[in-house]
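Every number here is computed from the coordinates shown, using simple stated rules; none is lab data. On a predicted model such as this, the values are computed, not experimentally measured, just so you know. Note: ideal-geometry Cβ built from the backbone for every residue, glycine included; neighbour counts use all protein chains shown.
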Amino acid sequence: MDARDCDAASEPGPPPCSSVTSWWAMVLRNLRLFSCFCSALGSKIAAEYRNFTSKSLKEHIFPPLMNMLIYLNCITTPILVDLKRPETKIAHTVNFFLKPEPKVLLGIWHTVPSYRVEEAKGKCRCWYEASLSDGNPIIIYLHGSGINRAFCGRIKLTQVLSDGGFHVLSVDYRGFGDSTGTTTEEGLTTDIICVYEWTKARSGRTPVCLWGHSLGTGVATNAARVLEAKGCPVDAIILEAPFTNIWAATINFPLVKIYWKLPGCLRTFVDALKEEKIVFPNDENVKFLSSPLLILHGEDDRTVPLEFGKQLYEIARSAYRNKERVKMVVFPPGFHHDCLFKSPMLLSTVRDFLSEQWA
C-alpha cells in the first residue's frame with residue numbers, strides 16, 4: 001500500500017449526524033407535500049360532493065340518458081364490418097380520415113359515380129381526391145341516429161346516388177363508427193363544416209350539396225347556417241325526413257308519448273335536452289339560409305311524422321326571399337322513415353331540382 005492509499009484510508013467520512021439530518025429533512029419535505037396533496041384532494045372531493053348534492057338524482061341521470069337516446073351512437077351494428085375497407089360493402093369507394101379538431105378523427109367513405117368503376121379499380125386516395133373536380137356533383141351524406149356509414153340502408157342510398165352520377169361522401173360524426181371524440185351538437189356541426197370546406201377546396205367549380213337524414217337534417221342546417229354567416233352559403237341542401245327541432249321531435253316520438261301522462265315527465269325530458277345543449281333548431285336555422293333547399297318526406301313516416309316536414313317547409317318558404325329556391329316533395333306510402341332510396345322517383349326528383357337550381 002503506498003502513501004496515497006494510506007492518506008485516503010485515513011480521511012474521515014461525513015459525520016453520522018449529517019446523514020440523519022438529510023434523511024429527516026427529506027421526510028419532512030415529503031410529509032408537507034403529502035399534506036398539500038391531501039388538502040387538494042379533500043377540496044376536490046368536497047366540491048364534487050356539493051356539485052352532486054346540488055342536483056336531484058333525475059338531473060344526474062336524465063341528461064346523459066337523453067344524450068344516448070338522441071344520438072344512439074352506442075349501437076354499432078353491423079358488428080363485423082371493417083370500416084377501413086369499404087370495398088367489401090360497396091365498389092369504387094375509398095376510406096379516409098379528416099381531423100376537424102385536435103384528438104378528433106372523422107371516418108369518411110368516398111364513393112365515385114358508378115360509370116367510373118373500372119377506372120377506380122386499384123386507385124389510391126389521391127386519385128379519389130382529385131376526382132372531386134371532375135364536374136360530377138358531390139353529396140355529403142349526413143346520416144341519422146345510431147349505427148354508422150356501413151348500415152345497409154345508407155349503403156343502398158349511396159349506390160342509388162352513385163348510379164345517378166353523384167360523388168358521395170358518407171361521414172361518421174365524432175363518436176360514431178370509427179370516428180373519435182365526444183358526441184355533442186356543437187361538435188357534430190364543427191365536423192360537417194370541416195368536411196364541407198375540405199370538399200369545396202378540392203371540387204373546383206363542381207357544386208357540393210349537404211344531404212341530411214333525420215338527425216342529420218339538424219346537423220346540415222346547423223352547419224349551413226354557420227357557413228352562411230361566414231359568407232360561404234352551401235351550394236344546396238337536401239333534408240330527408242326533417243323535424244322542426246329536436247325537442248318537438250323527441251316529445252312526439254311514439255315511445256316517448258307513452259310517458260306524457262306521468263307527472264313532470266315531459267318537463268324532465270325537455271330540461272335534460274337543455275342541460276346537454278341538444279336543440280338542432282331546423283325551424284330557426286332555415287330563416288337564415290339562402291341556399292337551394294329540397295325537403296323530402298314519406299307520407300307514412302311514423303318516426304318523424306310528415307307534419308314536421310310540412311311545418312319546416314312553410315317556415316322556410318316564408319323566410320326565403322327567393323321562393324323558387326324552396327321545394328318539398330312528399331313520397332307515397334310504402335317508404336316509411338328510412339327507405340326513400342327504394343322509390344323510383346327519388347333520383348329524378350333530386351337531379352331535376354339540383355339541375356334547375358344550378359343552371
**Q.** Residue with peak Gaussian network fluctuation, the chain [Cα springs, cutoff 10 Å], from Gly212, Gly107, Gly264
**A.** Gly264
Q: Based on the mean of other Cβ atoms within 10 Å per residue, sort peptides 20-26, 183-189, 166-172 so the most packed one is first.
A: 166-172, 183-189, 20-26
(Q) Straight-line reach only, C-alpha to C-alpha below 12 angstrom: list the aspartates and glutamates that Lys200 could link to, leaving out same-chain residues fewer than 8 apart. (A) Glu129, Asp235
Q | Calculated SAXS-style log₁₀ I(q)/I(0) at q = 0.06, 0.09, 0.10 Å⁻¹ - the chain, Debye, Cα scatterers | A | -0.32, -0.56, -0.66
Q: Determine one quarter of the surface area of the Cα convex hull of the stretch 232-359, which equals its mean projected area, and express it in nm² to one decimal.
A: 9.0 nm²
Q.
Sort 125-132, 235-242, 150-157 by the packing proxy (mean of other Cβ within 10 Å over each peptide's residues), most packed first.
A. 235-242, 150-157, 125-132
Q: Work through the residues other than Leu296 whose Cβ is under 14 Å from its Cβ and net out their charges, Lys, Arg +1 and Asp, Glu -1.
A: -2
Q | Antiparallel bridges, percent of DSSP beta bridges restricted to the stretch 56-205 (to nearest 5) | A | 70 percent
**Q.** the stretch 291-359 - Kirkwood radius from inverse mean 1/r over Cα pairs (Å)
**A.** 12.7 Å
Q) In the chain, what % of DSSP beta bridges are antiparallel (nearest 5)? A) 30 percent
Q) Is it possible to state the helix-based mean residue ellipticity at 222 nm for the chain, with each DSSP H run of 4+ residues giving -39500 (n - 2.57), the sum divided by total residues, to the nearest 500 deg cm²/dmol? What is it? A) -14500 deg cm²/dmol
Q) By how many degrees, between 0 and 90 and to the nearest 10, does the Cα long axis of helix 265-275 differ from the longest principal axis of the chain? A) 60 degrees
Q: Determine the equivalent ellipsoid of the stretch 187-244 by diagonalising the alpha-carbon gyration tensor, then write out the semi-axes as square roots of 5 times the eigenvalues, largest first, rounded to whole Å.
A: 19, 12, 10
Q | Choice from Leu210, Leu294, Leu80 showing the highest fluctuation, given a GNM over the chain with Cα pairs closer than 10 Å | A | Leu80
